[in-house]
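Student: Sharing a structure, written as structure tokens. Questions coming.
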Amino acid sequence: MTRIIAIALGAATLAGSATAQELNLYSSRHYDTDERLYSDFTEATGIVINRIEGDADELIARMQAEGANSPADVLLTVDTSRLVRAENAGLLQPVESDVLEERIPENLQDDGNLWFGFSQRARIIFYDEDEVPNPPQTYMDLASPDYEGMICIRSSTNTYNQTLLASIIEHQGEDAARAWADGMVQNMARAPQGGDTDQLRGLVSGECRIAISNTYYFARALRTEVDGLSEGIDGIAWIFPDQGGNGAHVNISGAGVAAHAPHYDAAVAFLEYLASDQAQVYFSAGNDEYPAVDGVPLAESVQALGNFERDTVSLADVAENLDLAQQIFNEVGWE
Ligand code: FE
């Protein structure tokens, strides 16, 4: 019996050696738990994953340079804006998959099925509990003169801020979004510097009273020691903005199948696997994110943040405002 299976597998391997038994994954994710994801996928399907890791913009540039000869099967990255950039550069192809249509919420996927979100992160308000008795409850509140000189937020070159402003344009319109961005610049505690973790560190150091950050940077500092943050994390409180309104802005980590994928079927199988309950747990927990699929258990560090209402606006629609968002940032002098 053992021998027959071995022979059958050997034949299958030979027949399939040039086609479906491997997958070239271009990934800007680099989390320890992702290793488990890849090995489980290989175990379940026999498809070996070759990983090319790099910065999202580098990977996109590489795919462009490689053109029709690109070995890339799947592009896996964070932030809608980067997926849309890959889409606009013609680097992705549509995926017809009942599994993905059914599992991934409509607002977290591209209308043309060029990309799908597999985990979510909210961009929310953190504040110094002792220093801010009346914290802002909405994104629009942040721009109120009440918070002059209090807010730390990173540069406008950052994709998270670009997508946030694009979502404000979508909900409030261009004029309100411009007034908001202008008010934010007035309220900054310092010129934008560093990443989201540095905004949170500013709460601990006392330089900032309010900080804007994606949820996973905070959750990570709850789970593991983050220098300059974990030791003071007890004094930090948070607000999920726009509860009872549009809900807190969420962005995604997601993937699409490369336009010239040599292993299309394996690529689709990989995306479908990422949407499975088991993969969703690892995928989101690897970076302290929220699963894209409803009902999948949250990591402990993420659960600690509590439940909230998410903005369910279509991220594909939001992405159409990205150029205008950049223009507004420039106009208001948001560095
Ligand atoms: Fe990040």
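Student: Counting only heavy atoms of protein chains, what accessible area per residue, in Å², does the range 245-313 have with a probe of 1.4 Å?
Tutor: Details: 2370 Å² over 69 residues.
Computed with neighbouring chains in place, this is 34 Å² per residue.
Student: Which shape class, rounded, prolate or oblate, goes with the range 140-196 when its Cα gyration tensor gives a ≥ b ≥ c as root eigenvalues, a/c under 1.5 marks rounded, and past that a/b bigger than b/c marks prolate?
Tutor: Working: a/c = 2.44, a/b = 1.16, b/c = 2.10.
Taking the square roots of the gyration eigenvalues as a ≥ b ≥ c, the range 140-196 is oblate.
Student: While we're here: Taking a ≥ b ≥ c as the square roots of the Cα gyration tensor eigenvalues, with a/c under 1.5 meaning rounded and otherwise prolate when a/b beats b/c, else oblate, which class fits the range 199-239?
Tutor: On the way: a/c = 1.72, a/b = 1.21, b/c = 1.42.
Cα axes put the range 199-239 in the oblate bin.
Student: Relative to the longest principal axis of the chain, what angle (0 to 90°, nearest 10) does the C-alpha long axis of helix 2-16 take?
Tutor: Compared with the principal axis, the helix lies near 70 degrees.
Student: Cβ under 13 Å from SER27's Cβ, SER27 left aside: what net charge do those residues give with Lys, Arg +1 and Asp, Glu -1?
Tutor: Numbers: positive: ARG29, ARG51, ARG62, ARG82; negative: ASP34, GLU35, GLU53, ASP55, GLU58, ASP73.
Net charge around SER27: -2.
Student: Leaving out ligands, DNA and RNA, what percent of the accessible area of the chain is carbon and sulfur, probe 1.4 Å? Numbers along the way, then the final one.
Tutor: Working: 6670 of 14260 Å².
Accessible surface attributable to carbon and sulfur in the chain totals 47 percent.
Student: Using a simple charge model, +1 on the beta-carbon of Lys and Arg, -1 on the beta-carbon of Asp and Glu, nothing else, what dipole does the range 175-300 show about its Cα centre, in debye to the nearest 20?
Tutor: Working: 6 positive and 17 negative charges, 67 e Å.
The dipole of the range 175-300 has a size of about 320 debye.
Student: Go through GLN280, GLN243, TRP334 and say which Cα lies farthest out towards the positive end of the charge dipole of the chain; charges sit on Cβ, +1 for Lys and Arg, -1 for Asp and Glu.
Tutor: Highest projection toward the positive end goes to GLN280.
Student: In the full protein assembly as shown, how much of TRP238 is accessible to a 1.4 Å probe, in Å² to the nearest 10?
Tutor: Per-residue accessible area (TRP238): approximately 70 Å².
Student: Given labels modelled 7 Å from the Cα in the Cβ direction, how far is it in nm from GLU225 to GLU148?
Tutor: With each label placed 7 Å out from Cα toward Cβ, I get 4.2 nm.
Student: Now for a separate question. Which whole-number percentage describes the relative contact order of the range 53-162, with Cα contacts under 8 Å and a sequence gap of 6 or more?
Tutor: Working: 48 pairs, mean separation 21.6, N = 110.
RCO, the range 53-162: 20 percent.
Student: Dipole of the chain, Cα-centred, from +1 at each Lys and Arg C-beta and -1 at each Asp and Glu C-beta, to the nearest 20 debye?
Tutor: Details: 18 positive and 54 negative charges, 153 e Å.
Magnitude of the dipole: close to 740 debye.
Student: Say we join alpha carbon atoms closer than 10 Å with springs in a Gaussian network model of the chain; which of SER39, SER301, SER81 then has the biggest fluctuation?
Tutor: SER39
Student: What residues have an amide H closer than 5 Å to that of CYS152, excluding those fewer than 5 places away on the same chain, when H is modeled at 1.01 Å from N in the peptide plane?
Tutor: Amide H to amide H, under 5 Å and 5 or more residues apart or across chains, CYS152 pairs with ALA189, ARG209, ILE210, ALA211, ILE212.
Student: I would also like to ask the following. Under 10 Å from the Cβ of VAL84, count the other residues' Cβ atoms, weight Lys and Arg +1, Asp and Glu -1, and hand me the total. Walk me through the numbers before you get to the answer.
Tutor: Values: positive: ARG82, ARG85; negative: ASP79, GLU87, ASP110, GLU320.
So the environment of VAL84 carries a net charge of -2.
Student: While we're here: Relative contact order for the range 140-217 using alpha-carbon pairs under 8 Å, separation at least 6, rounded to a whole percent? Numbers along the way, then the final one.
Tutor: Values: 98 pairs, mean separation 34.6, N = 78.
The normalised contact order for the range 140-217 reaches 44 percent.
Student: Please report the net charge: other residues with Cβ closer than 14 Å to the Cβ of ASP130, K and R +1, D and E -1. Walk me through the numbers on the way to the answer.
Tutor: Values: positive: ARG209; negative: ASP128, GLU129, GLU131, ASP234.
Every neighbour counted, the sum reads -3.
Student: In Å², what does the accessible area per residue of the range 115-225 work out to with a 1.4 Å probe? Write down the numbers at each step before the final one.
Tutor: Numbers: 3990 Å² over 111 residues.
Normalised by residue count, the accessible surface of the range 115-225 is 36 Å².
Student: With only Lys, Arg, Asp and Glu charged, each at its Cβ (+1 for the first two, -1 for the last two), find how big the charge dipole of the range 38-149 is about the Cα centre; round to the nearest 20 debye. Write out the running numbers ahead of the final one.
Tutor: Values: 7 positive and 24 negative charges, 101 e Å.
The calculated dipole for the range 38-149 is roughly 480 debye.
Student: What relative contact order, as a whole-number percentage, does the range 176-335 give when Cα pairs under 8 Å and 6 or more residues apart are counted?
Tutor: Working: 140 pairs, mean separation 42.8, N = 160.
With pairs under 8 Å counted, the relative contact order is 27 percent.
Student: Tell me what the chain gives for mean residue ellipticity at 222 nm when only DSSP H runs of n ≥ 4 count, each as -39,500 (n - 2.57), the sum divided by the residue total, rounded to 500 deg cm²/dmol.
Tutor: One gets -12500 deg cm²/dmol as the mean residue ellipticity at 222 nm.
The values are calculated or read from the model by the stated rules, or taken from the named source; none is laboratory data. All values derive from a computational prediction rather than experimental measurement. Cβ coordinates were reconstructed from backbone atoms using ideal geometry, including for glycine residues, and neighbour counts include every protein chain displayed. With ligands, DNA and RNA removed, areas are computed over all heavy atoms of the protein, side chains included. Shrake-Rupley method; radii C 1.70, N 1.55, O 1.52, S 1.80 Å.
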